Amino acid sequence: MKKTSLDKKFDKLRFLEENNKLVSKDQNRLISKFLNNKLAVLGLIIFSIIILATIFAPLLTSYDPIRTDLRSMRQSPSLDHWFGTDNTGRDVFSRVLYGGRVSIFVGLGSSLMAALIGLAIGCYGGYKGGWVDVIALRISEIFMSFPQIILVLLLVSITGQSLTNLFVIFILTGWGGMYRLSRARMLSLREEEYVQALESFGISTFTICYKHMLPNALGPIMVMITLSTAMFILTEAGLSFLGLGVPLNVPTWGNILNVATDIVVLQNYWWMWAPVGIVISVFVLAVNFIGDGLRDSTDPSQQG
Amino acid sequence: MIFVISFLVYFGLDLTPGDAVSHMISPELAATITPEKLEAMREAYGLNATFLERYWIWLTSCLKGDFGYSMAGGVAIKDIMVKTIPATLELSIVALIISTILGCSLGILSALKKGSATDSGLTVAGMAGVSIPEFFFALVAILIFGMHFQWLPVGGRLLPHYETLLDRIPNIIMPSMVLALALTAGAMRYSRSSMLDVLSREFIKTARSKGLPEWRINILHGFRVALTPVVVLIGFRLPLLIGGSTIIEQVFQWPGIGNMFIRSVRASDYPLVMMISLMYVFVVLTASLLIDLLTALIDPRVRLGKE
Amino acid sequence: MRHNKNIALSVKDLKTYFYTNNRCNKAVNGVSFDIEKGKTLCVVGESGCGKSVTASTIMQLLPTLSRIEEGEIIFHKDNEKINIEKLERNGKEMREIRGSDIAMIFQDPMTALNPVYTVGFQIAENLKYHTTLSKKEIREKTIRLLDDMGIPLPEQRVDEYPHSYSGGMRQRAMIAMAMACNPKILIADEPTTALDVTIQAQIFELMDNLKKNYNTAIMLITHDMGVVAELADNVAVMYMGNIVESGTADDVLRRPTHPYTKALLDSVPVLGRGRDQDIKPIKGSTPDPYDRPIGCQFAPRCNWRTESCDIMPEISNISETHEIRCHKYKEIFQY
Ligand SMILES: Nc1ncnc2c1ncn2[C@@H]1O[C@H](COP(=O)(O)OP(=O)(O)O)[C@@H](O)[C@H]1O
Ligand SMILES: [Mg+2]
């Protein structure tokens, strides 16, 4: 029989096994599983690079992201201006870096806050039930009957455009999912024996709920945090692209892309919008890779 | 649920800053208008009654099919909806069909070839599909197909004098493809994991132990069972389709409801914003109902359970 | 080894390894046995010792990350000999054998039937691919099969979905499906573990009748010693991927010789022996499949262990039918 690549892999494994080269490692299984997922590691690396680049933006570029320079308008990429300059002569590279700060902050920050709120209510509600739970469930139902972007737009139209408003709006639209997820986890954990044992010891609700059960609900929540971070960053970009997100004077990834609504820019000055679009895509892709890796390593049903 | 939301929506918009009347008249007029006249206009738009009264008036007329008037130009909202919804439906349905067919077949292919290069390639491509902002993808598509090669129109739905179905096709290709992108990725992911889950079940082994050919095992026994959760999940992603279409419609100047919604948000045309949001909620709730029905149709367990 | 004409399937030094989690699990590591026509071979052993894997290997129903390493599976079809291990996994020849010549019943009837098709459809499928019957004949035969298996109202039941069947009825339907093409060999992997005790007895009775009526060879995997005593013609005891002792039911149950067989028999109460039986659980637990002992697999849990047990014992014959894999069998047998 001819050998397939799978057969070769088997031969190698068998050889190693027979020579006792394969000893199960005692490291944390979750971490090692995560690290074994090449895409997740790649995602983590890209994620870190982009975050570090935005944090240390002043070291990487000497241009001010909002200072206009009418003498150097619409320059194509060069050694001076890596991503060229925009309509008013601002350096696109520095705008991408500083814009990243805001966009990532809004995306990551609001999804973390949403998770915090969702977890706090969800854990308590899922474990204890009662009126808190009933009300929270109804409210989350209301929020979730809207398509996300419609709700965001609706709230934007009510509250007006500002960075803080957007941040709050994202939290408002994001907590419901987190709440429901953690609530569902808690409902199933509640039936487990160790929780009942803790209860019989007379340990306080608060301690059982937040100290003993919460850590067990974190896996899926972490996955959800990555997913909603990705989603919020995309939503911010979309809103700002439409001119309905963060006010245009603040550089964000979406605001930089806003210039592409002008068909002349779209056609002739690719550097004003293409690089930032790529950066957004790559960053979101990295976040999704991380989320996928987390999902695989926290999901006990997956093997191999 | 829809009543609760309608109430909240109305309440929220009522609290918005800014006088609705001031959006309706030109700045020059606003500078010269007399307070009496302004008051008369407020009265005409029902802006002076108490909150509950206004809500009640609004709700009853809605139920009668009268959704009120847009503030921009005083067009009946009903007319706006009648004009824009078909366009959105057309776009969404085409995108849904493309993405479901493409997504499911790629997902199944990926599941059947689990671990192969095809599988990893498709998985990464799927991730990229959900990671690229749709409008960015749209821009690139416009640049390449619309401007560089000039194969496809860059926007709009109908050109004057182009009325037959065939004439419409070039216009819908780009927006529907772009809209289908993220959905395809989602559908692919779901059908892959659902298919993998089903393929690891006992009854697949049973089917194999009967000596059935692989295609029959994969399609009749595997895919048929994997379909139910995929339908449910695609249904749950319907909001994404609806949401996604707003921005895409804007980019491609597609005269749909999403485009209208964004315009009304920009113009702070509150009655219109409110009614369109409510319509979206209505669509989402109806969709979830339909999905329940649909799953019942496919799954004999649910079907019989309800008898 | 006996070479008689009555052998339906013989397995020789079969090794099946799993390669999941980037490790190599020697799930079945050198197993030999024969299945005789019209006889029941019971395979017993603790869970995880490779019984199901052996069964799946015979049907070539192994998952992707596993393969047959060595050995032979010879299926005696009429006068032909077919080497199953040489056939392509889901190839045409293998598919022709499955379901028509060798059929299999699984442990959990709840999950073994496809929930979205009627029971009749799933039985008919088997007939469709292995016979030339017309649609109408297939339907008639399906109903007859259900009737034979003791399912009430078969004309009606045939069009019902598995979820409206009870566990016992589903297993009957599974057996109907397996027996549809009169297979030469029926492999039943713990067919009653998921069922109530009373129903278990009915299912076994059914299988025993099939064996008598159709001369079907049965390979019954179980860990119920009572069932073994009741049904088995031949018994094979498995431990960690090896058969440690095999022979006729008499050989193994009345003259158990391998320390593991003895321990296994001591660990279960025997019906009819009254209340004050001396039940001794087997000490220790099965080793990690990735960290198997060198030599005799049972050695770490064995009271008879000596240094020689660090080398895997060969198969020895106590009598013509009674085989054992133990260094010390002579002492134990006399003892
Ligand atoms: N699908 C599988 N994937 C990986 N390992 C398996 C699989 N099936 C069985 N094994 C391994 O093979 C060994 C024997 O299992 P099995 O034959 O199921 O035992 P049992 O005797 O209880 O039927 C075990 O170590 C088990 O972990
Ligand atoms: Mg088993």
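What follows is calculated from the coordinates using simple rules that are stated; it is not laboratory data. A quick note: this is a predicted structure, and the numbers were derived from the prediction, not measured. Neighbour counts run over all protein chains shown; Cβ positions are idealised from the backbone, glycine included.
Quick note on chain A: its Rg to Rh ratio, both from C-alpha atoms and Rh being the Kirkwood radius, is 1.08. Return the FRET efficiency for the residue pair B:K113, C:E96: r is the Cβ-Cβ distance, R0 is 25 Å, and the value is rounded to the nearest 0.05. The calculated FRET efficiency here is 0.45. Between B:W151 and C:E80, the distance separating the two model label sites (each 7 Å from Cα on the Cα→Cβ line) works out to 5.3 nm.
Counting, for every residue in A:272-282, the Cβ atoms of other protein chains within 10 Å of its Cβ and taking the mean gives 3. Listed by chain and number, the lysines placed with their C-alpha closer than 24 angstrom to that of C:K280 are C:K51, C:K262, C:K328, C:K330; residues fewer than eight positions away on the same chain are left out. Look at where the Cα atoms of segment C:189-221 and of segment C:121-163 average out, and the two centres are 20 Å apart. The mean count of C-beta atoms from other chains within 10 Å of the C-beta of residues in B:196-208, rounded to a whole number, is 6. Of the trypsin sites (Lys or Arg not before Pro) found in segment C:1-50, those in coil by DSSP whose Cβ has at most 11 other Cβ atoms within 10 Å are C:R2, C:K5. A Förster radius of 41 Å, combined with the Cβ-Cβ distance separating A:I142 from C:H163, puts the computed FRET efficiency at roughly 0.70.
When you restrict to C-alpha pairs under 8 Å that are six or more residues apart and normalise by the size of chain A, the relative contact order lands at 24 percent. If the label point is 7 Å along Cα→Cβ of B:L293, which residues in segment B:236-277 have backbone nitrogen under 19 Å from it? Zone members listed by number: B:236-239. Rounded to two decimals, the Cα-based Rg/Rh of segment A:204-251, with Kirkwood Rh, is 1.33. Sort out the exposed loop chymotrypsin sites (Phe, Trp or Tyr not before Pro) in chain A (DSSP loop, at most 13 other Cβ within 10 Å) and tell me the longest stretch that has none. Formally, the longest exposed-site-free interval is A:57-200. Summary value for segment C:1-111: 27 percent relative contact order, contacts being C-alpha pairs under 8 angstrom separated by 6+ residues.
Estimated from helices alone, the mean residue ellipticity of the protein assembly as shown at 222 nm is -18000 deg cm²/dmol (sum of -39500 (n - 2.57) over DSSP H runs with n ≥ 4, per residue). Shown here for segment C:76-166: trypsin sites (Lys or Arg not before Pro) in loop regions (DSSP other than H, G, I, E, B) with at most 15 other Cβ atoms within 10 Å, namely C:R89. I'd like the distance separating the alpha-carbon centroids of segment C:26-72 and segment A:201-220, in whole Å. Each part's Cα centre sits 45 Å from the other's.
Amide hydrogen proximity for B:A76: with H placed 1.01 Å from N in the peptide plane, the residues at 5 or more positions away or on another chain lying under 5 Å are B:S70. The loop-placed GluC sites (Glu not before Pro) in segment C:64-114, going by DSSP, that have at most 16 neighbouring Cβ atoms within 10 Å of their Cβ come out as C:E88.
With 22 Å as the limit, the listed pairs A:K33/A:K211; C:K141/C:K212; A:K8/C:K92; B:K37/B:K78 have A:K33/A:K211; A:K8/C:K92; B:K37/B:K78 beyond it between alpha carbons. For C:R292 and C:K136, the difference between the fully extended length at 0.36 nm per residue and the C-alpha to C-alpha distance is 50.7 nm.
Amide H contacts of C:N29 (H built 1.01 Å from N, in plane; Pro and chain starts excluded): C:T16, C:N242 sit under 5 Å, all sequence-distant by 5 or more or on other chains. What lysines does C:K86 reach when the alpha-carbon gap must be under 16 Å and sequence neighbours fewer than 8 apart in one chain are set aside? Result set, ordered by chain and number: A:K2, A:K3, C:K12, C:K15, C:K77.
Each semi-axis of the equivalent ellipsoid for the protein assembly as shown is √(5λ) with λ an eigenvalue of the Cα gyration tensor; in descending order they amount to 65, 32, 28 Å.
Straight-distance candidates among the lysines for linking to B:K83, with alpha-carbon spacing under 20 Å and chain neighbours fewer than 8 residues away dropped: B:K64.
Across segment B:128-270, C-alpha contacts under 8 Å between residues 6 or more apart give a mean separation that, scaled by the residue count, equals a relative contact order of 29 percent. Here the calculated FRET efficiency for A:L218 and B:L89, from their Cβ-Cβ distance with R0 = 51 Å, stands at 0.80, rounded to the nearest 0.05.
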